[in-house]
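Asks: The following block contains the structure, expressed as structure tokens.
The values are calculated or read from the model by the stated rules, or taken from the named source; none is laboratory data. Here the structure is a predicted model, which is why all the values come from computation and not from measurement. Cβ: placed from backbone, ideal geometry, glycine included. Neighbour counts: every protein chain shown.
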Amino acid sequence: MTDLKSMSLSEMTEALKGMGEPAFRGKQVFTWLHKGVHSFEEMTNLPKALRDKLGEAYSIAVPKVARKQVSRQDGTIKYLWELADGNCIESVLMQYHHGNTVCISSQVGCRMGCAFCASTIAGKVRDLTPSELLDQVLFTQADSGLTISNIVLMGIGEPMDNLDNVLKFLELVNHPDGLNIGMRHISLSTCGVLPGIRRLAELGLQLTLSVSLHAPDSETRSRIMPVNRAYDVEQLFESCHDYFQKTGRRISFEYAMIDGVNDSDWQADLIARKLKGMPGHVNLIPLNDVVESPYKPSRRVAAFQKRLESHGVTATVRRSLGGDIDASCGQLRRKAMEEAEKGEGSR
């Protein structure tokens, strides 16, 4: 069946008109879907005949909470969602003084192969649809009872590897008849897929671009991030400068601190040189331990931050949330997959 919830308002209106309905019915259905209804029967201001007709032509998929972990330390909630086809993805709800932020996934699995990330261990299964991206926001909000004001696309998957669907999701979540979450409250992360960065630059969306840098030199970055072999870090910095020139938007550079790999003073100096002439923010991330990874958290986070700041670079250390749950991206899905494999093996 056709995925009605992935449609824009104009597409939905045309679909309803094609069923012989007046144009205003499209807006009614659009609004109901963006409230997170589970069935057409909940659309009480629609005639029964139309609800039946919609049920015959379309389906409404609702993700199931496969697992849920709540941090006793800070209230962070991690969800493992089971999708209609049985695949699972993760979302994380984080509570800050400025509002509630949900971190959502863009793909089932990931093919980027970053050496320190649990999300990519089993590879990419498929892209998420616009409605599956939207559902993570809708149903995280519904289950938690907390209003979500900010979205970060930093969960499982590479958003630029699913950019058409991500852009459609952004249109949906930004719509005034939907959740109406402004672009300035949305961050999109990439490991450095340059065609996607260039496309975003041309579109000029007022979201925040976050670049997973993790090393400023090509040798180190290629070792821990295979994407660097396709899109070298020198080209990445050039694209970032171009993005800033076209959009005027400051870029956030994510930097996972890995012991003995990317935490030397010379690497901090190189970051400062490469960012010269472009206001950027470096977000230092204390590395989460991933069992399958040989990389360990750096012991030089404070020294690295101080070195960056000595060059006039704005650098902060990401506040660690959900430390008592499977907070690292991909860990909860990986654990569920391993348990499922054990269950199959014991039969």
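Asks: Condition test on Val125, is it of a type in the set (A, V, I, L, M) and touching a residue at least 60 places away in the same chain (Cβ under 8 Å)?
Replies: Here the answer is no, as Val125 does not meet what is asked.
Asks: To continue, here is another question. Name the residue, out of Thr208, Thr147, that is without any contact (Cβ under 8 Å) to a residue 60 or more places away in the chain, of a type in the set (Val, Ile, Thr) and within 15 Å of Arg250 (Cα to Cα). Let's see the steps before the verdict.
Replies: Working: Thr147 fails: within 15 Å of Arg250 (Cα to Cα).
Going through Thr208, Thr147 in turn, the sole match is Thr208.
Asks: Given the structure, is Glu171 surrounded by fewer than 20 Cβ atoms within 10 Å (Cβ to Cβ), of a type outside the set (Gly, Ala, Ser), at pLDDT 95 or above and in the same structural domain as Glu234 (by TED's automatic domain parsing)?
Replies: Yes, satisfied.
Asks: Taking Arg25 and the conditions (1) part of a loop (DSSP other than H, G, I, E, B); (2) more than 21 Å from Val166 (Cα to Cα), which numbered condition does it fall short on, given that it satisfies the others?
Replies: Looking at each condition in turn, Arg25 falls short on (1).
Residue-wise test of (1) among the polar types (S, T, N, Q); (2) part of a loop (DSSP other than H, G, I, E, B); (3) at pLDDT below 95.
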| site | (1), (2), (3) |
| --- | --- |
| Gly260 | no, yes, no |
| Gln267 | yes, no, no |
| Glu309 | no, no, no |
| Gly323 | no, yes, yes |
| Ser328 | yes, yes, yes |
| Glu339 | no, no, yes |
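Asks: Also: Kindly check whether there is at least one residue in the range 289-309 that is crowded, with 19+ Cβ neighbours inside 10 Å, closer than 16 Å to Ser212 by Cα and not basic (Lys, Arg).
Replies: no
Asks: Which of (1) in contact with a strand residue (DSSP E or B) (Cβ under 7 Å, 6 or more places away or on another chain); (2) of a type in the set (S, T, N, Q); (3) assigned to a loop (DSSP other than H, G, I, E, B) is the odd one out, the single condition Asn180 does not satisfy?
Replies: Unmet for Asn180, out of (1) in contact with a strand residue (DSSP E or B) (Cβ under 7 Å, 6 or more places away or on another chain); (2) of a type in the set (S, T, N, Q); (3) assigned to a loop (DSSP other than H, G, I, E, B): (1).
Asks: Tell me, please, whether a residue that is surrounded by 20 or more Cβ atoms within 10 Å (Cβ to Cβ), touching a Gly at 6+ places or on another chain (Cβ under 9 Å) and part of a loop (DSSP other than H, G, I, E, B) can be found in the range 10-22. Full working, then the answer.
Replies: Going residue by residue through the range 10-22, those that are surrounded by 20 or more Cβ atoms within 10 Å (Cβ to Cβ) are 12-13, 16.
Now narrow it down to the ones that are touching a Gly at 6+ places or on another chain (Cβ under 9 Å): 12-13, 16.
Checking the rest, the ones that are also part of a loop (DSSP other than H, G, I, E, B) come to none.
Checking the range 10-22: not a single residue is surrounded by 20 or more Cβ atoms within 10 Å (Cβ to Cβ), touching a Gly at 6+ places or on another chain (Cβ under 9 Å) and part of a loop (DSSP other than H, G, I, E, B).
Asks: Across the range 65-101, which residue is surrounded by the fewest Cβ atoms within 10 Å (Cβ to Cβ) among those that are without any contact (Cβ under 8 Å) to a residue 60 or more places away in the chain and over 19 Å from the mean Cα position of the chain (by Cα)?
Replies: His97
Asks: Can you find a residue that is over 24 Å from Ile60 (Cα atoms), assigned by TED's automatic domain parsing to the domain that holds Ser212 and assigned to a loop (DSSP other than H, G, I, E, B) anywhere in the range 123-132? Spell out how you get there, then give the answer.
Replies: Of all residues in the range 123-132, those over 24 Å from Ile60 (Cα atoms) come to 123-124.
Restricting the remaining residues to those that are assigned by TED's automatic domain parsing to the domain that holds Ser212 gives 123-124.
Adding the requirement that they be assigned to a loop (DSSP other than H, G, I, E, B) leaves 123.
So far as the range 123-132 goes, yes, one or more of its residues are over 24 Å from Ile60 (Cα atoms), assigned by TED's automatic domain parsing to the domain that holds Ser212 and assigned to a loop (DSSP other than H, G, I, E, B).
Asks: Taking the stated definitions as given, is Gly248 without any contact (Cβ under 8 Å) to a residue 60 or more places away in the chain and farther than 17 Å from Leu163 by Cβ?
Replies: The answer is yes for Gly248.
Asks: Does the range 184-204 hold any residues that are assigned to a loop (DSSP other than H, G, I, E, B) and surrounded by fewer than 18 Cβ atoms within 10 Å (Cβ to Cβ), and which are they?
Replies: Gly204
Asks: What about Trp32, is it hydrophobic (A, V, I, L, M, F, W, C) and either surrounded by fewer than 16 Cβ atoms within 10 Å (Cβ to Cβ) or part of a strand (DSSP E or B) (or both)?
Replies: Judged against the criteria, Trp32 is not a match.
Asks: Next up: For residues that are touching a helix residue (DSSP H, G or I) at 6+ places or on another chain (Cβ under 6 Å), more than 17 Å from Phe116 (Cα to Cα) and of a type in the set (A, V, I, L, M, F, W, C), scanning just the range 214-269, find the one that is surrounded by the most Cβ atoms within 10 Å (Cβ to Cβ).
Replies: Top of the filtered list is Ala268.
Asks: Return yes when Lys48 is at pLDDT 95 or above, out of contact with any helix residue (DSSP H, G or I) (no Cβ under 7 Å at 6 or more places or on another chain), of a type in the set (D, E, K, R) and within 22 Å of Thr140 (Cβ to Cβ) and no when it is not.
Replies: So Lys48 fails the test.
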